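To start, the structure itself, in C-alpha coordinates.
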Amino acid sequence: MSSVFKVPVGDRTWQRRTGGSPGHPTPAADEPVRDCRGPGIIAGILAPHPPQLLYAENPSQNEPTSEGGWEVLRWAYEDLRRRIREMEPDVIVLHAPHWITMVGHHVNCVPNPKGFSVEPIFPHLLRYRYDFRTDVELAEAIADQASDDGLVTRKMRNEGVRVDYATITALHLLNPDWDIPVVSLSANNNPYFYSTSSLDQMEILGESARKAIEGLGRRAIVAGSNSLSHLHWERELGLPEDMTYEHAYNHHQYRWDMRLLDLIRAGRTRELREMIPEHIQQTESETKAGSLSWMLSALGWPEDVGEVLTYGTVIGTGNAVCLWDMRGRQ
Ligand code: 2X7
Ligand code: FE2
(Lines give C-alpha, C1' and ligand atoms only; values in the text may rest on other atoms or scores of the structure.)
(Ligands and ions follow the chains in the order given, each with its own letter.)
Protein backbone atom coordinates (compact mmCIF):
# COMPACT_ATOMS: atom_id res chain seq x y z
CA MET A 1 0.00 0.00 0.00
CA SER A 2 1.11 3.53 -0.62
CA SER A 3 2.06 5.88 2.12
CA VAL A 4 2.16 9.63 2.49
CA PHE A 5 4.22 11.84 4.73
CA LYS A 6 2.00 14.70 5.71
CA VAL A 7 3.63 18.10 5.37
CA PRO A 8 2.05 21.49 5.90
CA VAL A 9 0.60 22.59 2.61
CA GLY A 10 2.24 25.78 1.38
CA ASP A 11 1.35 29.36 0.80
CA ARG A 12 -2.37 29.87 0.22
CA THR A 13 -2.33 33.55 -0.70
CA TRP A 14 -3.02 32.53 -4.31
CA GLN A 15 -6.54 31.63 -3.21
CA ARG A 16 -7.45 35.29 -2.76
CA ARG A 17 -10.57 36.10 -4.71
CA THR A 18 -9.96 38.51 -7.53
CA GLY A 19 -13.12 38.33 -9.56
CA GLY A 20 -16.74 37.29 -9.81
CA SER A 21 -18.69 35.10 -12.15
CA PRO A 22 -22.21 35.07 -13.55
CA GLY A 23 -24.71 34.49 -10.79
CA HIS A 24 -22.19 34.92 -7.99
CA PRO A 25 -21.08 37.93 -5.97
CA THR A 26 -18.25 40.03 -7.35
CA PRO A 27 -15.17 40.82 -5.23
CA ALA A 28 -14.53 43.98 -3.29
CA ALA A 29 -13.59 46.90 -5.54
CA ASP A 30 -10.15 47.28 -3.99
CA GLU A 31 -9.10 43.72 -4.78
CA PRO A 32 -6.64 43.59 -7.69
CA VAL A 33 -7.97 41.92 -10.84
CA ARG A 34 -5.38 40.07 -12.90
CA ASP A 35 -5.28 39.98 -16.66
CA CYS A 36 -7.93 37.49 -17.80
CA ARG A 37 -5.45 36.14 -20.33
CA GLY A 38 -2.86 35.54 -17.59
CA PRO A 39 -1.38 32.19 -16.59
CA GLY A 40 -2.54 29.92 -13.79
CA ILE A 41 -5.56 27.68 -13.44
CA ILE A 42 -8.27 29.24 -15.56
CA ALA A 43 -10.97 26.66 -14.94
CA GLY A 44 -11.89 23.50 -13.13
CA ILE A 45 -14.21 20.93 -14.63
CA LEU A 46 -16.08 17.91 -13.37
CA ALA A 47 -15.92 15.72 -16.47
CA PRO A 48 -17.60 12.31 -16.14
CA HIS A 49 -16.33 9.52 -18.37
CA PRO A 50 -18.91 6.73 -18.90
CA PRO A 51 -17.77 5.08 -22.14
CA GLN A 52 -21.40 5.16 -23.29
CA LEU A 53 -20.99 8.90 -23.95
CA LEU A 54 -18.08 8.38 -26.28
CA TYR A 55 -19.77 5.43 -27.99
CA ALA A 56 -22.84 7.62 -28.55
CA GLU A 57 -20.73 10.30 -30.29
CA ASN A 58 -19.55 7.91 -33.03
CA PRO A 59 -16.08 9.43 -33.41
CA SER A 60 -13.88 8.01 -36.15
CA GLN A 61 -11.35 6.74 -33.56
CA ASN A 62 -13.88 4.38 -31.97
CA GLU A 63 -14.70 1.06 -33.63
CA PRO A 64 -18.25 0.39 -32.34
CA THR A 65 -21.02 2.52 -33.77
CA SER A 66 -24.28 3.64 -32.17
CA GLU A 67 -27.60 5.33 -32.84
CA GLY A 68 -26.77 8.01 -30.25
CA GLY A 69 -28.20 8.25 -26.75
CA TRP A 70 -27.46 10.24 -23.57
CA GLU A 71 -27.93 13.42 -25.65
CA VAL A 72 -28.44 15.86 -22.79
CA LEU A 73 -25.09 14.96 -21.23
CA ARG A 74 -23.42 15.13 -24.62
CA TRP A 75 -24.95 18.50 -25.43
CA ALA A 76 -23.56 19.88 -22.17
CA TYR A 77 -20.12 18.66 -23.23
CA GLU A 78 -20.67 20.38 -26.57
CA ASP A 79 -21.36 23.70 -24.80
CA LEU A 80 -18.38 23.13 -22.55
CA ARG A 81 -16.11 22.57 -25.55
CA ARG A 82 -17.10 25.96 -26.93
CA ARG A 83 -16.22 27.58 -23.63
CA ILE A 84 -12.92 25.73 -23.40
CA ARG A 85 -11.99 27.05 -26.86
CA GLU A 86 -12.74 30.61 -25.70
CA MET A 87 -10.46 30.12 -22.70
CA GLU A 88 -7.46 29.25 -24.90
CA PRO A 89 -5.79 26.88 -22.43
CA ASP A 90 -2.20 25.71 -22.87
CA VAL A 91 -2.93 22.38 -21.27
CA ILE A 92 -5.63 20.17 -19.74
CA VAL A 93 -4.54 18.39 -16.57
CA LEU A 94 -6.77 15.40 -15.86
CA HIS A 95 -7.22 13.17 -12.83
CA ALA A 96 -9.22 10.04 -13.62
CA PRO A 97 -10.17 7.02 -11.52
CA HIS A 98 -9.57 4.08 -13.84
CA TRP A 99 -5.80 4.40 -14.05
CA ILE A 100 -5.47 2.89 -10.60
CA THR A 101 -2.01 2.80 -9.09
CA MET A 102 -1.73 0.90 -5.83
CA VAL A 103 1.61 2.45 -4.85
CA GLY A 104 2.02 6.17 -5.35
CA HIS A 105 0.60 8.88 -7.57
CA HIS A 106 1.80 8.36 -11.14
CA VAL A 107 2.06 11.07 -13.78
CA ASN A 108 2.12 10.09 -17.44
CA CYS A 109 5.34 11.59 -18.82
CA VAL A 110 5.22 9.81 -22.20
CA PRO A 111 5.49 12.58 -24.84
CA ASN A 112 3.11 10.98 -27.33
CA PRO A 113 0.82 8.30 -25.86
CA LYS A 114 -0.49 6.32 -28.78
CA GLY A 115 -2.33 3.01 -29.01
CA PHE A 116 -5.59 1.11 -28.89
CA SER A 117 -7.69 1.11 -25.72
CA VAL A 118 -10.36 -1.51 -25.17
CA GLU A 119 -12.73 -0.90 -22.29
CA PRO A 120 -12.53 -4.07 -20.18
CA ILE A 121 -16.16 -4.09 -18.98
CA PHE A 122 -17.80 -2.66 -22.10
CA PRO A 123 -15.59 -3.82 -25.01
CA HIS A 124 -18.65 -3.57 -27.27
CA LEU A 125 -18.78 0.21 -26.58
CA LEU A 126 -15.20 1.40 -26.52
CA ARG A 127 -12.35 0.23 -28.70
CA TYR A 128 -10.58 3.51 -29.32
CA ARG A 129 -7.41 4.46 -31.19
CA TYR A 130 -5.74 7.31 -29.28
CA ASP A 131 -2.82 9.55 -30.17
CA PHE A 132 -2.17 12.68 -28.14
CA ARG A 133 0.56 14.95 -26.81
CA THR A 134 1.70 15.28 -23.20
CA ASP A 135 3.01 18.52 -21.75
CA VAL A 136 6.04 16.65 -20.43
CA GLU A 137 7.61 19.66 -18.75
CA LEU A 138 4.47 20.24 -16.69
CA ALA A 139 3.96 16.52 -16.05
CA GLU A 140 7.45 16.27 -14.59
CA ALA A 141 7.01 19.46 -12.59
CA ILE A 142 3.79 18.12 -11.03
CA ALA A 143 5.51 14.85 -10.12
CA ASP A 144 8.49 16.70 -8.61
CA GLN A 145 6.25 19.09 -6.69
CA ALA A 146 4.08 16.26 -5.37
CA SER A 147 7.21 14.47 -4.23
CA ASP A 148 8.46 17.64 -2.50
CA ASP A 149 5.03 17.91 -0.86
CA GLY A 150 5.50 14.48 0.71
CA LEU A 151 3.57 12.21 -1.67
CA VAL A 152 4.90 8.96 -3.07
CA THR A 153 5.16 9.80 -6.75
CA ARG A 154 6.28 8.14 -9.98
CA LYS A 155 6.97 9.58 -13.44
CA MET A 156 5.47 7.03 -15.82
CA ARG A 157 7.72 6.79 -18.90
CA ASN A 158 6.73 3.42 -20.36
CA GLU A 159 5.72 4.13 -23.94
CA GLY A 160 3.51 1.07 -24.32
CA VAL A 161 1.29 1.42 -21.27
CA ARG A 162 -2.34 1.45 -22.40
CA VAL A 163 -4.22 4.63 -21.54
CA ASP A 164 -7.40 3.79 -19.61
CA TYR A 165 -10.89 4.48 -20.93
CA ALA A 166 -11.79 7.13 -18.31
CA THR A 167 -8.84 9.28 -19.33
CA ILE A 168 -9.62 8.78 -23.01
CA THR A 169 -13.36 9.37 -22.72
CA ALA A 170 -13.08 12.52 -20.61
CA LEU A 171 -10.34 14.00 -22.78
CA HIS A 172 -12.18 13.16 -25.97
CA LEU A 173 -15.38 14.78 -24.73
CA LEU A 174 -13.47 17.88 -23.58
CA ASN A 175 -11.45 18.21 -26.77
CA PRO A 176 -12.19 15.73 -29.57
CA ASP A 177 -9.55 17.39 -31.76
CA TRP A 178 -6.88 16.45 -29.20
CA ASP A 179 -5.00 19.62 -30.12
CA ILE A 180 -4.46 20.80 -26.53
CA PRO A 181 -1.56 19.13 -24.67
CA VAL A 182 -2.46 16.96 -21.73
CA VAL A 183 -1.15 15.88 -18.36
CA SER A 184 -2.73 12.67 -17.09
CA LEU A 185 -2.60 11.66 -13.42
CA SER A 186 -3.35 8.27 -11.93
CA ALA A 187 -5.72 7.56 -9.06
CA ASN A 188 -3.62 6.24 -6.20
CA ASN A 189 -6.20 4.11 -4.44
CA ASN A 190 -8.64 1.37 -5.03
CA PRO A 191 -12.10 2.89 -5.11
CA TYR A 192 -13.72 -0.45 -4.50
CA PHE A 193 -11.94 -1.51 -1.30
CA TYR A 194 -10.52 1.40 0.62
CA SER A 195 -12.14 4.11 2.66
CA THR A 196 -12.29 7.81 1.90
CA SER A 197 -9.00 8.28 3.79
CA SER A 198 -7.10 8.85 0.56
CA LEU A 199 -9.04 12.05 -0.18
CA ASP A 200 -6.57 14.06 1.90
CA GLN A 201 -3.74 12.87 -0.35
CA MET A 202 -5.75 13.97 -3.37
CA GLU A 203 -6.03 17.42 -1.85
CA ILE A 204 -2.25 17.63 -1.41
CA LEU A 205 -1.85 16.45 -5.00
CA GLY A 206 -4.22 19.20 -6.12
CA GLU A 207 -2.10 21.81 -4.36
CA SER A 208 1.01 20.31 -5.96
CA ALA A 209 -0.54 20.56 -9.42
CA ARG A 210 -1.50 24.18 -8.81
CA LYS A 211 2.01 25.12 -7.68
CA ALA A 212 3.60 23.40 -10.69
CA ILE A 213 1.15 25.06 -13.11
CA GLU A 214 1.82 28.49 -11.64
CA GLY A 215 5.56 27.84 -11.44
CA LEU A 216 5.71 27.18 -15.18
CA GLY A 217 3.23 29.94 -16.04
CA ARG A 218 0.79 27.63 -17.86
CA ARG A 219 -2.81 28.58 -18.59
CA ALA A 220 -4.33 25.35 -17.40
CA ILE A 221 -7.69 23.68 -17.13
CA VAL A 222 -7.86 21.07 -14.38
CA ALA A 223 -10.43 18.34 -14.90
CA GLY A 224 -11.52 15.73 -12.39
CA SER A 225 -13.23 12.82 -14.08
CA ASN A 226 -15.77 11.27 -11.73
CA SER A 227 -19.35 10.11 -11.90
CA LEU A 228 -21.41 10.95 -8.81
CA SER A 229 -23.74 8.24 -7.41
CA HIS A 230 -22.41 4.95 -8.60
CA LEU A 231 -24.78 2.03 -8.07
CA HIS A 232 -25.66 0.79 -11.54
CA TRP A 233 -27.45 -1.89 -13.53
CA GLU A 234 -25.68 -5.20 -13.79
CA ARG A 235 -27.22 -6.27 -17.08
CA GLU A 236 -27.67 -4.60 -20.41
CA LEU A 237 -31.18 -5.29 -21.65
CA GLY A 238 -30.76 -5.02 -25.40
CA LEU A 239 -29.52 -1.99 -27.31
CA PRO A 240 -27.13 -0.02 -25.01
CA GLU A 241 -28.42 3.32 -26.30
CA ASP A 242 -32.08 2.48 -25.78
CA MET A 243 -32.97 5.32 -23.44
CA THR A 244 -36.16 3.70 -22.20
CA TYR A 245 -33.93 1.86 -19.70
CA GLU A 246 -32.10 4.96 -18.51
CA HIS A 247 -33.01 6.48 -15.17
CA ALA A 248 -31.56 6.97 -11.68
CA TYR A 249 -30.70 3.71 -9.93
CA ASN A 250 -32.81 4.75 -6.94
CA HIS A 251 -34.42 7.79 -5.40
CA HIS A 252 -31.93 7.92 -2.52
CA GLN A 253 -28.92 8.23 -4.86
CA TYR A 254 -30.68 10.86 -6.91
CA ARG A 255 -31.58 12.97 -3.86
CA TRP A 256 -27.99 12.90 -2.59
CA ASP A 257 -26.63 13.88 -6.00
CA MET A 258 -29.03 16.84 -6.01
CA ARG A 259 -27.86 17.91 -2.57
CA LEU A 260 -24.29 17.93 -3.79
CA LEU A 261 -25.15 19.79 -6.98
CA ASP A 262 -27.17 22.39 -5.06
CA LEU A 263 -23.99 23.30 -3.18
CA ILE A 264 -22.00 23.54 -6.41
CA ARG A 265 -24.63 25.78 -8.00
CA ALA A 266 -24.70 28.00 -4.91
CA GLY A 267 -20.90 28.25 -4.85
CA ARG A 268 -20.87 26.91 -1.28
CA THR A 269 -17.61 25.07 -1.72
CA ARG A 270 -16.60 24.84 1.95
CA GLU A 271 -19.83 22.95 2.66
CA LEU A 272 -19.30 20.88 -0.45
CA ARG A 273 -15.88 19.81 0.82
CA GLU A 274 -17.45 18.63 4.08
CA MET A 275 -20.24 16.85 2.27
CA ILE A 276 -18.14 14.84 -0.19
CA PRO A 277 -17.33 11.96 2.26
CA GLU A 278 -20.97 11.66 3.31
CA HIS A 279 -22.13 11.71 -0.31
CA ILE A 280 -19.67 8.89 -0.99
CA GLN A 281 -21.08 6.86 1.88
CA GLN A 282 -24.67 7.44 0.83
CA THR A 283 -24.26 6.79 -2.90
CA GLU A 284 -21.04 4.77 -3.43
CA SER A 285 -20.00 7.85 -5.36
CA GLU A 286 -17.06 7.48 -7.72
CA THR A 287 -15.68 10.68 -6.14
CA LYS A 288 -14.19 8.23 -3.64
CA ALA A 289 -11.35 7.92 -6.14
CA GLY A 290 -10.57 11.56 -5.40
CA SER A 291 -10.75 13.28 -8.80
CA LEU A 292 -13.32 15.85 -7.65
CA SER A 293 -11.39 16.62 -4.44
CA TRP A 294 -8.13 16.84 -6.39
CA MET A 295 -9.62 19.31 -8.85
CA LEU A 296 -11.28 21.54 -6.24
CA SER A 297 -8.14 21.55 -4.14
CA ALA A 298 -6.14 22.67 -7.18
CA LEU A 299 -8.61 25.56 -7.46
CA GLY A 300 -8.27 26.30 -3.73
CA TRP A 301 -11.90 25.36 -2.91
CA PRO A 302 -13.18 28.71 -4.23
CA GLU A 303 -16.42 30.11 -2.84
CA ASP A 304 -19.06 31.84 -4.99
CA VAL A 305 -18.25 30.12 -8.26
CA GLY A 306 -19.49 26.89 -9.82
CA GLU A 307 -21.98 25.93 -12.51
CA VAL A 308 -23.84 22.71 -13.19
CA LEU A 309 -24.13 22.42 -16.97
CA THR A 310 -26.21 19.28 -16.76
CA TYR A 311 -26.98 16.09 -14.88
CA GLY A 312 -27.93 12.75 -16.39
CA THR A 313 -27.75 9.07 -15.62
CA VAL A 314 -25.73 6.40 -17.39
CA ILE A 315 -26.75 2.80 -16.57
CA GLY A 316 -28.26 4.29 -13.41
CA THR A 317 -25.17 6.21 -12.20
CA GLY A 318 -25.38 9.99 -11.66
CA ASN A 319 -23.24 12.16 -13.89
CA ALA A 320 -22.88 15.93 -13.79
CA VAL A 321 -20.89 18.18 -16.10
CA CYS A 322 -19.77 21.16 -13.99
CA LEU A 323 -17.56 24.18 -14.56
CA TRP A 324 -15.69 26.50 -12.22
CA ASP A 325 -14.60 29.45 -14.39
CA MET A 326 -11.64 30.97 -12.55
CA ARG A 327 -10.69 33.63 -15.05
CA GLY A 328 -9.92 36.87 -13.27
CA ARG A 329 -9.84 35.03 -9.94
CA GLN A 330 -6.44 33.32 -10.18
O1 2X7 B 1 -16.73 4.23 -15.60
C2 2X7 B 1 -17.93 4.22 -15.69
C3 2X7 B 1 -18.70 5.08 -14.84
N4 2X7 B 1 -18.07 5.79 -14.06
C5 2X7 B 1 -20.11 5.18 -14.86
C6 2X7 B 1 -21.03 4.54 -15.62
C7 2X7 B 1 -20.84 3.59 -16.62
C8 2X7 B 1 -19.65 3.07 -17.00
O9 2X7 B 1 -18.43 3.39 -16.61
FE1 FE2 C 1 -15.91 5.32 -13.92
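Structure summary
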read-out	value
Those residues of segment 109-125 which are within 16 Å of ligand 2 (Cβ to nearest atom) and either assigned to a loop (DSSP other than H, G, I, E, B) or not β-branched (Val, Ile, Thr) (or both), in sequence order	117, 119, 120, 121, 122, 123, 125
In segment 314-330, the residues that are surrounded by 24 or more Cβ atoms within 10 Å (Cβ to Cβ), within 14 Å of ligand 2 (Cβ to nearest atom) and over 14 Å from residue 173 (Cα atoms)	317, 318
Yes/no for residue 121 being open to solvent by 20 Å² or more (accessible area, probe 1.4 Å), within 16 Å of ligand 1 (Cβ to nearest atom) and hydrophobic (A, V, I, L, M, F, W, C)	yes
Per-region count, segment 282-294, residues part of a helix (DSSP H, G or I), within 15 Å of ligand 1 (Cβ to nearest atom) and within 21 Å of residue 171 (Cβ to Cβ)	5
Number of positions in segment 173-185 that are surrounded by 23 or more Cβ atoms within 10 Å (Cβ to Cβ) and either under 17 Å from residue 108 (Cα atoms) or more than 12 Å from the chain's Cα centre (by Cα) (or both)	4
Matching residues, segment 295-330, being away from ligand 1 (no atom under 16 Å from the Cβ) and aromatic (Phe, Trp, Tyr)	301, 324
Index of the failed condition, residue 279 passing every other in (1) touching a Leu at 6+ places or on another chain (Cβ under 8 Å); (2) open to solvent by less than 10 Å² (accessible area, probe 1.4 Å); (3) away from ligand 2 (no atom under 14 Å from the Cβ); (4) under 24 Å from residue 92 (Cα atoms)	(4)
Matching strands (runs of 3 or more DSSP E) fully within segment 39-108 where at least 3 residues are open to solvent by 10 Å² or more (accessible area, probe 1.4 Å) and closer than 30 Å to residue 217 by Cα	91-100
Which numbered condition residue 196 misses (of (1) at pLDDT 95 or above; (2) closer than 15 Å to residue 296 by Cβ)	(1)
Selection within segment 126-170 - farther than 16 Å from residue 111 by Cα, within 16 Å of ligand 1 (Cβ to nearest atom), of a type outside the set (Gly, Ala, Ser) and not in a loop (DSSP other than H, G, I, E, B)	127, 128, 165, 169
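Conditions (1) hydrophobic (A, V, I, L, M, F, W, C); (2) in contact with a helix residue (DSSP H, G or I) (Cβ under 6 Å, 6 or more places away or on another chain); (3) not in a strand (DSSP E or B), marked per residue:
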residue: 228; (1), (2), (3): yes, yes, yes
residue: 279; (1), (2), (3): no, yes, yes
residue: 305; (1), (2), (3): yes, no, yes
residue: 329; (1), (2), (3): no, no, yes
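The values are calculated or read from the model by the stated rules, or taken from the named source; none is laboratory data. What you see is a predicted model, and the numbers here were worked out from it, not measured in a lab. Note that each Cβ is placed from the backbone with ideal geometry, even for glycine, and that neighbours are counted across all protein chains shown. Surface accessibility is based on the protein's heavy atoms, side chains included, excluding ligands, DNA and RNA. Shrake-Rupley method; radii C 1.70, N 1.55, O 1.52, S 1.80 Å.
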